[in-house]
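The block underneath contains the structure these notes are about, expressed in structure tokens.
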Amino acid sequence: MARMDQRAKLLKRFGQRVRALRKAQGYSQESLGAACELDRTYIGGIERGERNVSLENINAIASSLGLTLAQLLEGV
């Protein structure tokens with residue numbers, strides 16, 4: 001059970017990080033999704049901590065935000 005809690009917390013922290021960076025750069029979920037070639041609903045799921053995101057999609061998000069993977073994951 002503890003492992004599931006840790007996973008949920010990690011996904012939530014990552015989602016909060018994506019949301020904060022998206023908003024700071026003035027992106028809507030829809031515009032970020034378009035830039036990443038991901039659906040708006042998928043971006044929303046990431047931000048709510050509902051999606052276990054693949055490394056390819058994490059890289060696409062980082063790139064669309066003009067960040068390195070390390071910068072995107074900072075503090076997560």
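The values are calculated or read from the model by the stated rules, or taken from the named source; none is laboratory data. Nothing here was measured: the structure is a model prediction, and the numbers come from that model. Cβ sites come from the backbone with ideal geometry, for glycine too, and all protein chains shown count toward neighbours. All accessible areas refer to the heavy atoms of the entire protein, side chains included, with ligands and DNA or RNA removed. Shrake-Rupley method; radii C 1.70, N 1.55, O 1.52, S 1.80 Å.
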Whole-number accessible area per residue in Å² for the chain, which is evaluated in the context of all protein chains at 1.4 Å: 64
Sequence of K23, K12 when ordered by accessible area, the most exposed leading, probe 1.4 angstrom: K23, K12
Gain in span if fully extended, Y42 to A20, counting 0.36 nm per residue against the direct Cα distance: 6.3 nm
Cα centre as origin, Lys/Arg/Asp/Glu Cβ charges: the chain dipole, Debye: 360
The chain - percent of accessible surface contributed by carbon and sulfur, probe 1.4 Å: 49
